[in-house]
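Participant: This structure is in structure tokens; I'll ask about it shortly.
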Amino acid sequence: MAAKIISGKEVSASIRQELAERVAELKEKHGLVPGLGVILVGDDPASHSYVKGKEKAAGQVGIYSEVLRVPASTTEAEVLKMVEDFNKNPKIHGILVQLPLPDHIDENKVIFAIDPKKDVDGFHPVNIGRLHIGEECFIPCTPNGIMELLDRTGVELKGKNATVVGRSNIVGKPVAMLLLSRHATVTICHSRTTDLAGECRRADVLVAAVGRPRMITADMIKPGAVVIDVGVNRIEGGKLVGDVDFDAALEVASAITPVPGGVGPMTITMLMKNTVLAAERTLA
Ligand code: NDP
């Protein structure tokens with residue numbers, strides 16, 4: 001039987017609806033409008049298109065957004081000053097610095113300057129540390145979106161084998177930590193893993209976050225596994241594909257996310273969720 005397709009588009013639309021209701025309530029009961037401050041340095045077309053998507057999503061759920069678009073020649077000190085101004089601005093509850101930054105700017109220095117209470121990307125070490133010890137924090141958006149997809153599909157994690165392929169700070173490591181916190185037995189694979197196929201085949205839940213088109217083939221998937229494909233790869237002819245050989249995997253997995261339309265739409269939605277949370281937490 002073909003696997004169920006987990007639609008990030010649909011889940012994302014219903015979460016945005018829920019968020020719009022929370023935003024309306026914040027306005028009505030507390031006169032509070034969640035605000036997102038975005039800093040975009042340079043003219044990388046992909047970054048501009050991501051920021052446009054974020055602005056649009058913010059508008060849809062009723063979040064106020066302020067986007068600072070500055071040239072690639074902007075100095076590190078100037079970017080740090082923008083962060084500092086957003087830190088102090090009471091209208092801004094969440095700050096996002098679109099990555100990558102130009103080479104002359106130290107990304108970590110900029111991320112570390114964000115007030116952890118406004119760090120809606122969840123990249124500040126305070127939030128990463130709090131995530132690891134299970135304290136209230138901002139969860140990075142892509143891993144957060146993956147967990148929402150699993151939860152809203154009713155996937156049981158307790159006691160299951162979960163394999164994460166990829167160990168980046170923004171996807172692999174945090175999603176592994178979240179799966180662990182939900183009592184899965186977690187294996188993290190990377191480019192030096194000796195038996196990748198074997199590690200994948202043991203997984204009841206397989207998360208692929210590598211960035212290599214269709215590298216996870218059907219024979220690497222345990223029959224009935226749930227497969228989350230984070231990869232976004234453009235192949236010859238311009239088509240977007242994931243890290244999983246989707247058509248073949250459909251015949252083996254019990255559920256799978258498509259690319260596009262799976263994890264992708266969730267990432268921006270989780271940024272909106274974190275911004276609403278950041279505003280709500282100012283009332284606590
Ligand atoms: P990184 O390049 O930072 O990390 C890739 C990881 O894959 C590394 O840990 C690397 O191992 C591992 N890897 C590379 N080759 C192999 C291999 N042959 N076998 C096993 N592991 C391997 O990528 P990101 O985590 O940032 O992103 C991963 C993918 O997800 C990309 O396609 C990206 O575009 C996509 N993405 C999608 C998002 C969305 O919203 N849908 C958001 C973020 C990312 P090592 O550490 O040893 O080098």
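Participant: So, in nm, how far is label Ala197 from label Ala284 when the simple model puts each one 7 Å beyond its Cα toward the Cβ?
Facilitator: It is 4.7 nm.
Participant: What is the helix-to-structure angle for 172-181, meaning the angle in degrees between its Cα long axis and the longest Cα principal axis of the chain, kept from 0 to 90 and rounded to the nearest 10?
Facilitator: Taking the Cα atoms of the chain, the angle to 172-181 is about 80 degrees.
Participant: Tell me which trypsin sites (Lys or Arg not before Pro) from region 44-103 have a DSSP coil assignment and no more than 15 other beta carbons within 10 Å of their own.
Facilitator: Values: sites: Lys52, Lys54, Lys56, Arg69, Lys81, Lys88, Lys91; in loops: Lys91.
Those that pass, being in a loop and sparsely packed, are Lys91.
Participant: For the chain, modelled as a GNM with alpha-carbon contacts under 10 angstrom, which of Thr142, Thr257, Thr217 fluctuates the most?
Facilitator: Result: Thr217 has the largest fluctuation of those listed.
Participant: Hey, another quick one. Among the trypsin sites (Lys or Arg not before Pro) in region 237-284, which ones are in a DSSP loop with at most 15 other Cβ atoms within 10 Å of the Cβ? Mind listing them?
Facilitator: Lys239
Participant: Full extension from Ile5 to Leu80: what is 0.36 nm times the residue separation minus their Cα-Cα distance, to one decimal in nm?
Facilitator: Fully extending the segment from Ile5 to Leu80 adds 22.7 nm.
Participant: Next question. At 222 nm, what helix-only mean residue ellipticity would the chain give, in deg cm²/dmol to the nearest 500, using -39500 (n - 2.57) for each DSSP H run of four or more?
Facilitator: Value at 222 nm, helices only: -13000 deg cm²/dmol.
Participant: Still on this structure, I have one more. Any lysines with Cα under 16 Å of the Lys222 Cα? List them, leaving off those in the same chain fewer than 8 positions away.
Facilitator: Straight-line reach from Lys222, under 16 Å: Lys4, Lys160.
Participant: Same structure again: Heavy-atom accessible area of His93 with all protein chains present, probe 1.4 Å, nearest 10 Å²?
Facilitator: Roll a 1.4 Å probe over it and His93 shows about 10 Å².
Participant: Would you mind finding the longest exposed-site-free stretch of the chain, with exposed GluC sites (Glu not before Pro) meaning DSSP loop and at most 13 other Cβ atoms within 10 Å? Don't skip to the answer; put the middle values down first.
Facilitator: Details: sites that count: Glu135, Glu136, Glu156, Glu236, Glu251.
In the chain, the maximal stretch lacking such sites is 1-134.
Participant: Considering only C-alpha atoms, what is the centroid distance from region 97-130 to region 131-191, in Å?
Facilitator: Answer, in whole Å: 20.
Participant: Compute the angle between helix 141-152 and the longest alpha-carbon principal axis of the chain, please, reported from 0 to 90 degrees and rounded to the nearest 10.
Facilitator: For helix 141-152, the angle is close to 50 degrees.
Participant: With +1 on the Cβ of every Lys and Arg and -1 on the Cβ of every Asp and Glu, and nothing else charged, how large is the dipole of region 141-263 about its Cα centre, in debye rounded to the nearest 20?
Facilitator: Here the size comes out at about 360 debye.
Participant: May I ask you to list the trypsin sites (Lys or Arg not before Pro) in region 116-220 that are in a DSSP loop and have at most 13 other Cβ atoms within 10 Å of their Cβ?
Facilitator: Answer by residue number: Lys158, Arg192.
Participant: Nearest 0.05, what FRET efficiency do His30 and Gln60 give at R0 = 22 Å with Cβ-Cβ as r?
Facilitator: Efficiency, rounded to the nearest 0.05: 0.60.
Participant: Next question, about the same structure. Treating the beta-carbon of each Lys and Arg as +1 and of each Asp and Glu as -1, no other charges, what is the dipole magnitude of region 62-122 about its Cα centre, to the nearest 20 debye?
Facilitator: With only Lys, Arg, Asp and Glu charged at Cβ, the dipole is about 280 debye.
Participant: Under a crude label model (7 Å from the Cα following the beta-carbon direction), how far is Val232 from Lys91 in nanometres?
Facilitator: In this crude spin-label approximation the distance works out to 2.9 nm.
Participant: On a 1.4 Å probe surface of the protein chains, which of Ser168, Ser181 comes out largest in accessible area, and what is the full order?
Facilitator: On the way: Ser168 50, Ser181 70 Å².
The most accessible residue leads, giving Ser181, Ser168.
Participant: How much accessible surface area, in Å² rounded to 10, belongs to the heavy atoms of Val210 with a 1.4 Å probe?
Facilitator: So the heavy atoms of Val210 present about 60 Å² to solvent.
The values are calculated or read from the model by the stated rules, or taken from the named source; none is laboratory data. As the structure is a computational prediction, the values presented were derived from the model and not from experiment. Glycine also receives a Cβ, built like all others from the backbone with ideal geometry; neighbour counts cover every protein chain displayed. Keep in mind that these areas ignore ligands, DNA and RNA; they rest on the heavy atoms of the full protein, side chains included. Shrake-Rupley method; radii C 1.70, N 1.55, O 1.52, S 1.80 Å.
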